[in-house]
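The values are calculated or read from the model by the stated rules, or taken from the named source; none is laboratory data. Note that the structure is a prediction, hence the values are computed from the model and not measured. For neighbour counting, all protein chains shown are included, and Cβ atoms are generated from backbone atoms with ideal geometry for every residue, glycine included. Heads up: the accessible areas ignore ligands, DNA and RNA and are worked out on the full protein's heavy atoms, side chains in. Shrake-Rupley method; radii C 1.70, N 1.55, O 1.52, S 1.80 Å.
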Amino acid sequence: MKKHEKIMFHKSQLTRFSVFGFLCVFLLVAESVFAQISDEKSGNGASVEVPRGREVVEVWNRDDGRGFSRQIGVVESFTRNGLILKTGEEEITIPAEQVARILYRKSDEHQIGDLHFQQKNYRDAREHYKKARLTADRRWVEVEILERIVRCDLALGFHAQAVQDFVTLVELEPEMTDTVFACIPLLWRTIPGDRALEDTATKLLRVAGNVPEISLLGASCLMFSAQGKDMATRLKVLSSNRDARIATLAEMQAWRLELINVTPEKASLWREKIENLPPEFRAGPNFVLAQAFLRLENPDAATLAFLRAGYLFNPDVRLAEEAISQGKKTLENAGHADEATKIK
């Protein structure tokens, strides 16, 4: 399967007979995607020699049998504007979207953090990442560590802390890559009674509400608070932001306010917009889309959207778990309990 290949199902195919077949296909595709991602991160199990004082940058390359080529040098910076690699006396800039991964010599704490993260020991991973950050000698390395810390925060249910850590990330690198930016801890589902989150968001808006990323975060967290009307206005303004990723996410966050009056035409439009997103940003919007299809009494489409939110490109472990749970529940309520048991 090609990287980021779209998976389309015609509505007429989602019949009572085909639901189970659809789930099998979906889960096989999800498994292949995970295998692909695992291979990308592990280098297909091959050991890669990283020269001391240098980095190995893997760049997507269709002409290479491996799917990528390697360049060796010193990574000076890595932002959405590209990766600057110093090779001898010259510097080259590699477009950010062409960078598959960077192999480099990590500190012991960083490596231990990665090990715990892979084993889903997020509390231990977070502690080791915090120590690793203290000794990070380059900004792009610190950015990578902070992104992992935010993901650990989310996995542990520390949403207010995730917001604070993401703000630190914005201050450290405003021009972070899309892959890093995708960890932004927006709310795509309601977290009731989280006073710490509401207080954190309110304080951030008061201190730095003019920063688009912080404004978007604050509006997301306070959308259904007493300040909801102001947050809706804030999202409307942000939807015209010159930064496309801010504008798009602000528009999609506002969908949460439109669910009560959603129509089939609007839901179809939302689905098209999600398909045009970079894959790493699709999980949250798909969760909202699933809720829209539930309101429209279209359980098959809702299940598909929930499973996409749960299995594909989701940096928020808890949102993924909720999406998968809701997908199973939707199938059960639609009379497909036998098929729901196939979802793990």
Take the residues of the range 75-97 that are part of a strand (DSSP E or B) and of a type in the set (G, A, S): which is most open to solvent (accessible area, probe 1.4 Å)? S77
Identify, from the list L217, L235, the residue that is at pLDDT 95 or above, in contact with a helix residue (DSSP H, G or I) (Cβ under 7 Å, 6 or more places away or on another chain), surrounded by 15 or more Cβ atoms within 10 Å (Cβ to Cβ) and within 24 Å of V317 (Cα to Cα). L217
Test: residue in the range 110-118 that is under 26 Å from R151 (Cβ atoms), at pLDDT 90 or above, touching a Cys at 6+ places or on another chain (Cβ under 8 Å) and not β-branched (V, I, T): yes
Consider only pairs whose beta carbons are under 7 Å apart and that are at least six residues apart or on different chains; among these, list those whose first residue lies in the range 211-237 and is over 23 Å from G193 (Cβ atoms) and whose second residue is basic (K, R) and in a helix (DSSP H, G or I). S215/R234
Test for L146: is it outside any helix (DSSP H, G or I) and surrounded by 17 or more Cβ atoms within 10 Å (Cβ to Cβ): no
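Give me a count of the residues in the range 155-211 that are hydrophobic (A, V, I, L, M, F, W, C) and not in a loop (DSSP other than H, G, I, E, B).
18
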Within the range 98-128, how many residues turn out to be open to solvent by 60 Å² or more (accessible area, probe 1.4 Å), touching a strand residue (DSSP E or B) at 6+ places or on another chain (Cβ under 7 Å) and among the hydrophobic types (A, V, I, L, M, F, W, C)? 0
Subset of the range 52-100 (residues that are touching a Ser or Thr at 6+ places or on another chain (Cβ under 6 Å), modelled with pLDDT of 95 or more and farther than 19 Å from E173 by Cβ): V59, G73
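For every residue, the table says whether it meets (1) at pLDDT below 95; (2) crowded, with 17+ Cβ neighbours inside 10 Å; (3) farther than 19 Å from P285 by Cβ.
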| position | (1), (2), (3) |
| --- | --- |
| H159 | no, yes, no |
| A208 | yes, no, yes |
| S225 | yes, no, yes |
| S240 | no, no, no |
